[in-house]
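Data first, discussion second: the structure below is written as structure tokens.
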Amino acid sequence: MEKHNYDAGLPATNAPFNLCVRYGELIFISGLPPFDGTFSRAVREAREQGRPVPAFPNPPFAEQVRLVMDNMKKLVEAAGSNMDCLLKVIVWLRDQRDAEEFDQIYRTYFSARETLPARTRIQAGRTPMDCGLEVEAIGYVPRKPAHRTASRRRRKAGRSARRK
């Protein structure tokens, strides 16, 4: 098996890790903070020039959650999977009082209650650059459907039975 890395075109900060790694049918999503393109670029440039990284702009919490979950969805799909194939999600919140707001948004990224992954959600002592949250996940890539569908197999079996 080979290891493949995916960035789904998300803006880089020059941090020393890959955003998404696929090994076989498993996918591993690194902890995603709510960094948009502008902030990611500012962080990357600061790191490249040896300057301190800028302060996180701290947009409303709901915007941060949507950005993180949208980015996670992009990464999962770039690796050939979908959100319903996530197995485990770990969420670090800056403030546990944001848990209900997080959950309301989080639920919308899955097709049904049955497809929700196992999850841990904790209040972190400190999140990256004091942002509202960070989320990581482990999932799988679903197997491709078999070439023969059940209806094709039944039709073929019916033709064989008629020949006898």
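The values are calculated or read from the model by the stated rules, or taken from the named source; none is laboratory data. If you're wondering where the values come from, they're calculated on a predicted model, not measured in any experiment. Using ideal geometry, Cβ is built from the backbone for each residue, glycine included, and neighbour counts are taken over all protein chains shown. Keep in mind that these areas ignore ligands, DNA and RNA; they rest on the heavy atoms of the full protein, side chains included. Shrake-Rupley method; radii C 1.70, N 1.55, O 1.52, S 1.80 Å.
Overall dimensions of the range 7-93, expressed as equivalent-ellipsoid semi-axes from the Cα gyration tensor (√(5λ), whole Å, largest first), are 24, 16, 10.
Full extension of the chain between R126 and A46 gives 26.7 nm of extra length, using 0.36 nm per residue less the Cα-Cα distance. The GluC sites (Glu not before Pro) of the range 1-59 that meet both conditions, a loop assignment by DSSP and at most 15 other Cβ atoms within 10 Å of the site Cβ, are E2, E25. Go ahead and run the numbers for FRET between K3 and D103, Cβ-Cβ distance against an R0 of 45 Å, rounding to 0.05. With R0 = 45 Å, the Cβ-Cβ based efficiency is 0.85. Magnitude of the charge dipole for the chain, about its Cα centre and with charges confined to Cβ atoms of Lys, Arg (+1) and Asp, Glu (-1), is about 2160 debye. Take the chain with all the other protein chains still there, run a 1.4 Å probe, and you get 62 Å² of accessible area per residue. Dividing the Cα radius of gyration of the chain by 2.2 N^0.38 Å, with N the residue count, gives 1.35. Computed extension gain for E114 through Q96, at 0.36 nm per residue and net of the alpha carbon distance, reaches 4.0 nm.
For the range 77-121, with all protein chains in place and a probe radius of 1.4 Å, 47% of the accessible heavy-atom surface sits on carbon or sulfur.
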